[in-house]
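What follows is a single structure, written as structure tokens, with notes after it.
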Amino acid sequence: MSTATLAHVEAHVFRTPIKEPVRTSFGTMTERVAVFVRVEDSDGARGWGEIWCNFPNAAAEHRAQLFADIVAPRALGKSLDDPVALWAEIDRALHVLRVQSGDAGALSAAAAGLDLAIHDLRARKRGLPLWRALGGTDDSPLPIYASGLNPGRSAYDTVGRMRAAGYRAFKIKVGFGTETDLDTLRPVARELKAGERLMVDVNQGWDLRTACATVPKLAEFGLQWIEEPLVADRPLTEWAQVAAAAPTQLAGGENLRSAGPFQEAIDSGLLGVIQPDAAKWGGHSGCLPVARAALAAGRTYCPHFLGGAIGLMHSLHLLAAVRGPGLLEVDANPNPLREGLLGDLMAAREGTVSLPGGQGLGLEPDLKPLINLRSLHIERRA
């Protein structure tokens with residue numbers, strides 16, 4: 001394969017209102033946003049990535065600007081032969097700016113989106129599906145779960161809808177007060193079918209006292225995991241107390257950045273489920289080693305993602321590359337920035353989804369139907 005350099009990048013920001021807001025313990029989303037990035041090398045090969053931006057979604061355009069003006073210039077004109085080395089070089093170069101700007105998350109996500117797109121491009125040039133280019137060997141269907149279920153009656157209704165659509169595992173948002181949380185979970189748990197799984201996501205909504213008082217009350221539901229019961233940066237001593245009180249394993253990782261904190265979380269044994277978000281930090285270059293380290297330590301790797309179609313497809317390929325007992329997270333909330341590009345590509349069947357055919361992502365995004373939702377488009381060339 002000839003050496004090619006990064007010649008052209010684009011960032012596309014899309015916004016769309018939604019009928020039912022998506023509620024979490026830290027805030028409410030009243031619209032869906034996505035930042036899709038497209039890269040092209042000097043041979044004309046192309047790849048797609050996504051920059052995480054779902055909350056606060058006012059930051060979407062800002063992240064696209066960081067991608068175009070800060071991150072991409074560090075890669076334009078450089079060889080794409082070794083995406084991991086390129087990502088590491090960019091990550092090191094951004095360190096001072098993360099500290100100086102206080103904008104560490106946005107810069108990390110912008111770099112992650114670039115890395116995802118470069119890996120897609122490289123897989124396409126090699127004529128391989130992305131999961132295989134990342135080292136995967138198993139093309140069997142992946143287990144999936146429906147995520148982002150709002151509290152209250154909505155959770156019950158959404159479980160029914162997603163069950164009818166082929167899902168067999170469901171994650172409900174909690175952290176809205178003990179009685180509200182229990183009232184949300186009880187009707188869902190009562191009607192779970194044989195083999196179905198139920199999880200909860202606190203979204204960092206509890207302090208230590210609340211977490212330790214609440215997690216024992218969740219024992220009646222037979223949960224698969226309890227996600228982010230504390231703010232991600234709380235000390236391990238607090239996580240240890242919650243883990244000791246919990247009736248099931250804890251999950252987390254979407255709000256960790258860099259290999260050190262992930263390895264610390266894995267080594268601590270306090271998280272049974274490790275959940276890096278490849279569009280939020282690391283792309284494939286950063287998250288693939290984390291996933292492998294989690295599995296090697298006997299933990300479960302489950303990629304976190306709640307955004308548009310391109311990031312979801314990257315998460316699918318990453319999980320397919322490493323496998324293990326983990327499930328693919330699929331947002332249960334309507335989102336034209338996901339459904340409008342995927343079509344029936346992610347149709348569920350008995351709790352699983354088939355791997356896409358073709359090269360790279362197995363998706364060639366057609367942005368034309370979404371063009372009236374686009375709020376910003378930026379291009380940069382070497």
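Odds and ends about this structure:
- Checked against (1) over 16 Å from Gly136 (Cβ atoms); (2) without any contact (Cβ under 8 Å) to a residue 40 or more places away in the chain; (3) not β-branched (Val, Ile, Thr), Ala251 meets all criteria but (2).
- Where a residue in the range 314-328 is farther than 11 Å from His304 by Cβ and its partner, wherever it lies, is of a type in the set (Asp, Glu), with Cβ under 6 Å and at least six apart: Arg323/Asp138
- Residue within the range 28-48 that is under 24 Å from Glu254 (Cβ atoms), in contact (Cβ under 8 Å) with a residue 40 or more places away in the chain and surrounded by fewer than 16 Cβ atoms within 10 Å (Cβ to Cβ) present: no
- Answer from Ala244, Ala259 - the residue that is aliphatic (A, V, I, L, M), surrounded by fewer than 22 Cβ atoms within 10 Å (Cβ to Cβ) and within 22 Å of the chain's Cα centre (by Cα): Ala259
- Between Ala59, Ala88, Ala64, the distinction of being in contact with a Leu (Cβ under 6 Å, 6 or more places away or on another chain), in a helix (DSSP H, G or I) and on the phi < 0 side of the Ramachandran plot belongs to Ala64 only.
- Boolean, Trp206 is more than 20 Å from Asn150 (Cα to Cα) and crowded, with 18+ Cβ neighbours inside 10 Å: no
- Residue in the range 140-151 that is assigned to a helix (DSSP H, G or I) and farther than 30 Å from Ile378 by Cα present: no
- Output for the range 209-234, where each listed residue is closer than 20 Å to Gly27 by Cα and touching a residue at least 24 places away in the same chain (Cβ under 8 Å): Ala211, Ile226, Glu227, Glu228, Pro229, Leu230, Val231, Ala232, Arg234
- The set of residues from the range 100-139 being part of a helix (DSSP H, G or I) and either over 19 Å from the mean Cα position of the chain (by Cα) or among the acidic types (Asp, Glu) (or both) comprises Gln100, Ser101, Asp115, Asp120, Leu121, Arg122, Ala123, Arg124, Lys125, Arg126, Arg132, Ala133.
- Residues satisfying the stated conditions in the range 192-204, i.e. closer than 16 Å to Leu223 by Cβ and small (Gly, Ala, Ser): Gly195
- Test for Ala64: is it modelled with pLDDT of 95 or more, more than 19 Å from the chain's Cα centre (by Cα), hydrophobic (A, V, I, L, M, F, W, C) and over 30 Å from Phe176 (Cα atoms): no
- Candidates Pro356, Pro336 - the one that is surrounded by fewer than 19 Cβ atoms within 10 Å (Cβ to Cβ), over 15 Å from the mean Cα position of the chain (by Cα) and touching a residue at least 60 places away in the same chain (Cβ under 8 Å): Pro336
- Qualifying residue in the range 92-111 (condition: touching a Cys at 6+ places or on another chain (Cβ under 9 Å), farther than 19 Å from Gly358 by Cα and not charged (D, E, K, R)): yes
- The set of residues from the range 214-239 being within 25 Å of the chain's Cα centre (by Cα), surrounded by fewer than 21 Cβ atoms within 10 Å (Cβ to Cβ) and hydrophobic (A, V, I, L, M, F, W, C) comprises Val231, Ala232, Leu236.
- Checklist (1) aliphatic (A, V, I, L, M); (2) surrounded by 22 or more Cβ atoms within 10 Å (Cβ to Cβ); (3) over 15 Å from the mean Cα position of the chain (by Cα) applied to Ala297, failing item: (2)
- The numbered conditions (1) over 26 Å from Ala7 (Cβ atoms); (2) modelled with pLDDT of 95 or more; (3) not basic (Lys, Arg) are all true for Leu149 except (2).
- Boolean, Arg168 is among the charged types (D, E, K, R), touching a Leu at 6+ places or on another chain (Cβ under 8 Å) and surrounded by 19 or more Cβ atoms within 10 Å (Cβ to Cβ): no
The values are calculated or read from the model by the stated rules, or taken from the named source; none is laboratory data. Since this is a predicted model, take the numbers as computed values, not measurements. Quick reminder, even Gly has a Cβ in these numbers, built from the backbone with ideal geometry, and neighbours come from all protein chains shown.
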